[in-house]
Structures are given as structure tokens and as C-alpha cells.
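Written below as C-alpha cells is the structure these notes are about.
No value in this document is a laboratory result; all are computed from the given coordinates. From a predicted model like this one, the values you see are computed outputs, not experimental measurements. Please note: Cβ atoms are built from the backbone with ideal geometry, for glycine as well, and neighbour counts cover all protein chains shown.
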Amino acid sequence: MFKKILYYTCVAGMLVSMSSCSILQGKKDDKSASQSKEKSKNGIKPYGKIITKKAKTDEGLFTVHKVDEDYFFEIPDSLFNREMLMVTRIAQTAQGMGFGGGKQNEQVLRWQRKGDKVNLRVVSYDIAAADSLPIYEAVVNSNFEPILYSFDVKAYKKDSIFNTTVIDVTDLFQKDVEAIGLQSRRRKPYKISRLDDSRSYIDTIRSYPENIEIRHVKTYNAGKPPSNSSTGSVSLKFSNSMVLLPKEPMRRRYFDQRVGWFTSNQTDYGLDNQKSETVEYLDRYRLEVKDENLERFKNGELVEPKEQIIYYIDRATPEKWRKYIKQGIEDWQVAFEAAGFKNAIIAMDPPTKEEDPDWSPEDVRYSVVRYLASPIPNANGPHVSDPRSGEILESDINWYHNVMTLLRNWFFVQTAAINPEARGVEFKDEVMGRLIRFVSSHEVGHTLGLPHNMGSSVAYGVEDLRSPEFTKEFGTAPSIMDYARFNYIAQPGDGDVSLMPNVGPYDKYSIAWGYRPILDKTPEEEKEVLNRWILEKAGDPIYRFGKQQSGGVIDPSSQTEDLGDDSMEASTYGIENLKRIVPNLIEWTAEDGKNYEDLEDLYNQVYGQYNRYMGHVAANIGGVYEIYKTYDQEGDVYTHAPRDKQVRAMEFLQAELFETPEWLIDTDIFNKIQFDGYLEKIKSYQERALNNVLDFGRFARMMENEELNDDAYTIVEMMENLRTGLFSELRRGEDISRIRRNLQRAYIGRMHELMTEEQSSIPAQFRSYINRSNIDVETSDIRPLVRAELTTLQVDMRRAINRTRDTMTRYHLQDAVERIEKIINPDA
């Protein structure tokens, strides 16, 4: 990742240097008059009695001593009352409890000395007001800092330079302090009762110039452990990073939802409003123009920043992949040039152990791409920011070895039909390297402050993505931050089309919007300029931001894994390519002496990709577009998907999914990878899509659309189209295949749920980002409509029973009639 030497380095470095001098003079200091007494009041002892000769000492932000199994912090007076950010993560997790690296808590701390006690206080920046305002006193009174832990002073150390205080921090990290361990919300699912002290311990505490890194193992007694249930417990390794915050916070830049960004926020009571207001500001690096370059910058010249953003590549990274990760990092140069900077972001190798034995990726001064020997098929780019300003203080990309398996699967299933380089279970190093570069660039974008932009990929026309000229110039999406993986639309014969996105026009625009310095203006004054930059691009889909949706897709133009401006056209091309892959799977995975594990894996990838296409299409039915706007822009924020797209989406699902996809059922493959299951496999995908269409929230949006728009695709039409398609055999007097019988029973089962169940509620903590329309089912039109559809279907089935000669079809229809009767008349 990238190195960010924060402006307070010199201060912290000076403190460390002074601390080093005092340690070297330890024997002399211990004999000083102030420390010569063997005992003092309140149990405070001479320094040398606490920090003995057998202490193992690590110098840094605080000097850390390990004496036997106890750990001591030696805190300089200059660091009392300085604010520090504590970030708690699960470094290593128990099987069944997710991935390692997950953040548990983040809080600002302040070490305060009161008499012969040291209190560790939790500082809140949730509410604020300028200290010059009368309301500031009320904010302070409402924001009293709780004490997280209190320590007895064990010793003082004084010399001619500065004073230090010694405390024993063993219990803080060894006992059950929830704020720096497992949070209560994570304890409940596993029925965790208490910490087992006998199986909990401090692993390491390391001190660096601007941070302290703590690793501790906690074992909790659990009534329902996710794995190894015979132990009745869960063991986890926690990581606590305590980072010194700058004395002077970076200048904020205020957030606008029209440009995607990770943010910090605060409720400000000091604004000249008639109510409190939550202000959001960007999480970003401190990128500033050197004083001597200000005039050149004003004249439009590219200038180098005061401090570059530098990523170091973990020493553990295999040599052959290093250059590709570096390329992914430096791909962002063009975006920062749009912000007015050259050489703003660079990739470097860390010093060797011989060059600098103390260099560590855990040192907060260094941003590092961490290469982890883990089976997790993933990569992520978390960051830690100063809650006062949004300044990113620490950011490391976690690169798990098995992300290459993920890349292999995506690239194969999305491009093998047109790309010989993607055919096989292992790619050439050059091919895998290009894929690694792609992921590296995407993750770097996150660490710079950019979230996923799922609205980017619909900016390009479907047919444009078949054009070599277009894709060479623009890539496959305007933003590498979309989940627009690889070009599944391109067909054989299209020529040398591009297969993946690059850092694109949206990325350059958003980095410029967030990072370009606006000189001689306050953060409040910047808003006018930032708004003008947005309005200059307004209406152009290339520069649109679409948020990532959770808990269901409402906006069909902001989906994951999709490409192009029309889901039905794009998915049709995608399915044509899958049809070309399936007959070749055995050949493309074959290798003498090897079993069929890769064949099974890639066949499942075909099913998974096929299912994504169904999801992309289904979202159009009852879909509502969300395009952020402000009062100085024309048009609505929310508009319903056009009728034509919704009708075509239903037709697509009937033709490509609900009509049995025979091409997907390859008996040669099935007979090599499993002894049964293909019927249930097909049913599971059909049922998932069916339940997706017959969703309470979708009904709610369609009914509102009917009230608002004359040309709406009505819920009655949708339900009739669905029923007649799913039961088309009834009209034609045909036998009903086993797969179709399974699907029809799934439909009846879902209709039963619609008649008897309410929409599940959203937990309070998730309501801010779960995408779902709420509806009171009992008082809506849903149940009368469902009842009418079932009644019509029952009549049609009774007529068809006497027309069929197939025994199982007749049994199926008789059973279905009885099932429907019980739904319509449950008390009969």
C-alpha cells in the first residue's frame, strides 16, 4: 500500500529519541535523588524496583517493558492528554466465525494522570461545537468522557529532559475488557458466557514511533461454539492498534452523496441552524501542495505533494507477482494528475532485514500490501481515519493467497468463450499477473477513500462493449470501483476487445473532486466550488455514483457483477457464451492422473454466473432508479423502471430460467462429479429467482407505480404473466416434466407464504443501509391478488387433469389442487 508520513512524525520521533536517551542513562537515573527511596506512599516504588535488569524493553510511542509475564507502559508526561485512536480487530478467528481482520471497535482514547492514578478515558467526537461558542459548555457537559480502565502508578522516572510514569497494563489486555475484545453483538450467537483466564494471554506488545500494536489471545466459554464443540469454548486472537492522532487535525472536506466516498461524521451543535445537524466529511489522505509550488499549482502545472502516498509491498509477496501489484498501485497516478499532482502515489519494496532490521509492516508510518498465506479467496483494503477530520492514518491491503483462485474462476467463466488464454485451470503468469494488477488497483481505490460505485457499469451501451475500438479507449466500465469484473458480453468474432476495466473517467473525476486542493477557502467555502464541479458533469452517466445495495436490489442500474445499459441484452450475450463453455469444460480441465475436482468447481462457476444474470434481469421488475440530485438540478431522484424493460424482464425469465435450461444439464459432467443432485440444483436456482420476483417489497413498488404512472407494468399483469408462463402446459395439454413440476410446487409454496406471512422486520442497527420497501401485507392488495391467482390456477388444473394421459402429471395436478384448496380455505 502507501506510506504516509504524517506531519507529527518529528514530534513523535523527538519523544522517542529522548526516551532512548533516558533508557541508556537508566542506572544513573535510578540513583537520582528523586528515585533513591526504597518505598514511597501509595505503594509506588523506585523505578529500578519495577523495571528490573531482566526487563525486555521496546522503545517507541510509549516505552514498553516486559518483566516476567507482566507488561508495563512507560508514558512520557508530554503524551498525557494526547488523543489516540484504538482500533480493535480479530486477527485470527475460530472456524465458523468469519474471516480474520474484521474490525470490532474503534475509539479515541486519552491517557490522563490524576494523582497517583492513570485513567484511560474514551473520547467521543459524535457531538461537537466550536469552543468559542456559548453552546460549547453544554456539549462538554453532555459528553463526559467515561473511564475505560484505571491504573495505579507503579513508578515515576525523572531526569533533566522529561518525566515518565510507569503503569502495569497486563490486566487491561489479559482480562475481559469488552471495548478491546469481543463485542456483545458477536457473543450472543455463540452463547458466550465469560472469559476463561487460564486460557487467555498476551501474545506480543510492540511499540513504534507513532503507534503501539498489541496481540492477545482470548478464550471464551461458549454454549454454542461454531466449531470444535467438544471444547465448549471459542479462542480468538485480537489485534489492538493504538495510534497517536495529530495535534492539529487536517482540514475537512465535506461530503456530497453525488460523489461516492467513505466518510466520518459528527453532530454539530454549533451551526447557525434551528436544529442540530450531522456533518459528514471525507476520509482521505493529507495531500498538500508544497509552499514553493503554490504559484505553479495555481497556474495549472502538475506539482509534487509535500508527502507522497507510498505503498510498500510485503516481503512475503512472491517475487513474480510484485511488479503487477506495484502496477496496480501506480495506475492511480493518472487520477491524481487530474487532482493537480504528479508522483503522488508510488509503490516501493521495503528495506531488507539487513538494511533495516526494525522495519515492520505494523508500523503505522508505512502502508503495506500484506501478503497472507491463507485459504481465504479474497482481498480487502481497510483504512483507519482520524474521526476529527477524516484524515486516513493507516491503511493496509490484505492480500490473501487464494484470491488467485477467485480470479481464475471469474476470468474463466466470463471470458473463456472468446479468450483462449482463459481456458484451463491454471493461467500463464502474464495472464494471472494482469488479473492481480486489476484487483490491486481496485483495492487501492478503497484505501484512498472510494467505496464501490455499482452505478458505473451501466454507463456504456451493451453493443459498445463488443467494440474493440470503444473498449480499448474506455475500458469496460467508467470506474474500476464497480464490480464490473470481465467482459462477458463480447462474442466470438468481435475482435480484440478489452476484457476488464481500468482506472477510468469516473475514478479520475472522483479523486480530483476529493483531493484537489482548493486554496484560500475554508471547508464551508469549498462547498460552492465542489458543487460546481459536480454540476459540470451532471446528467452524464459516466460520472454518476450508484451505491452498493444490501438486503435486496431496488435500483436495477446499480447492481454488482453486471455490465451494460440493458440487463436483458447483456445477459442474453452472457448465456450464449456459457452455452459455448459447457460442452468444452471436460476438455479444458483435463489432465492425466487428475480427478474431477476442477471440473466440478468450474461447472459450479457456470451455474453461479448464470444465476447472476437471472438476478440482474429480475431486478428490473418493480425496479426504481436512484440518481442523486440537489435543488439546483432538474428531474427526480427516484424514477420507476420503464414498462418495456419490466415486461421484457419477465419474458426473459420465462424463456431462460423457468423453461428448463436443458443446455445447462450436461450428463457427461454430472456423471463425473456427483451421484445425484442435479434436479435439486436446477430447482434451487429457479426457486431463488421465483422468490425474488414474488417479494413483498417488489409488490409495494409496483403498486405505487400504478398509482403514479399511467403506463405502469401493473401487479395484476405481472402475476398473470408469471402464472401463465409457469403453467403453460395447462393450456397446451402437455405432459409436465419433473423439473417443471418441482418449479410449480415451489410457486404454490411461495404463494402460501404470501398468504400467511408478514414481511420480516429490519433490525434497528441495519435500517440505515438495508434496501427494502416496507409494506403492511395484511392491509394491502397482495392477499386478494394471490387468492385470485390461486383460484384461477385451481380451475385451470382441474380442467387439465382429465386431459392428461401421463400418470405423474395427473398425480401432480391432483396434489396441486389439494394444496391450493388448503391455502384458500385453511379452516375447511
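Couple of notes before you dig in:
- The calculated FRET efficiency for the pair Leu708 and Asp540, based on their C-beta separation and a Förster distance of 22 Å, comes to about 0.25.
- Using a Förster distance of 35 Å, the FRET efficiency for Gln112-Glu337 (Cβ separation, nearest 0.05): 0.15
- Neighbour net charge for Ser241 - beta-carbon separation under 9 angstrom, K R +1, D E -1: -2
- Computed lengthening from Asn105 to Lys158, 0.36 nm per intervening residue step minus Cα-Cα distance: 15.5 nm
- Pairs from the table (Lys188/Lys224; Lys298/Lys521; Lys54/Lys175; Lys54/Lys353) lying more than 18 angstrom apart at Cα are Lys54/Lys175; Lys54/Lys353.
- Inter-probe distance in nm under a simple model that places probes 7 Å from Cα toward Cβ, at Asp349 and Glu469: 4.4
- For GluC sites (Glu not before Pro), the sites in the stretch 419-474 that DSSP calls loop and that have at most 16 other Cβ atoms within 10 Å are Glu426.
- Loop-located trypsin sites (Lys or Arg not before Pro) in the stretch 326-392 (DSSP state other than H, G, I, E, B) with a sparse environment of at most 14 neighbouring Cβ atoms within 10 Å: Lys342, Lys353.
- Using the average count of surrounding beta-carbon atoms within 10 Å as a protection proxy, the listed peptides 818-826, 375-383 rank, highest first, as 375-383, 818-826.
- Listed from fewest to most Cβ neighbours within 10 Å, the set Leu109, Leu813 follows the order Leu109, Leu813.
- A simple rule links phi to the HN-Hα coupling: the Karplus curve 6.51 cos²θ - 1.76 cosθ + 1.60 with θ = phi - 60°, which for the stretch 77-90 gives 4, 5, 9, 5, 6, 6, 8, 10, 9, 9, 10, 10, 10, 8 Hz, with x for Gly and Pro.
- Local net charge near Glu304, Cβ-Cβ under 9 Å (Lys/Arg +1, Asp/Glu -1): +3
- Net charge of neighbours whose Cβ lies under 9 Å from the Cβ of Phe262, counting Lys and Arg as +1 and Asp and Glu as -1: 0
- Overall form of the stretch 605-689 per C-alpha gyration tensor (a/c, 1.5; a/b vs b/c): prolate
- Global form of the chain, assessed from the alpha-carbon gyration tensor, a/c cut-off 1.5: prolate
- The helix-only estimate of mean residue ellipticity at 222 nm for the chain, built from DSSP H runs of length n ≥ 4 each weighted as -39500 (n - 2.57), is -11000 deg cm²/dmol after division by the residue total.
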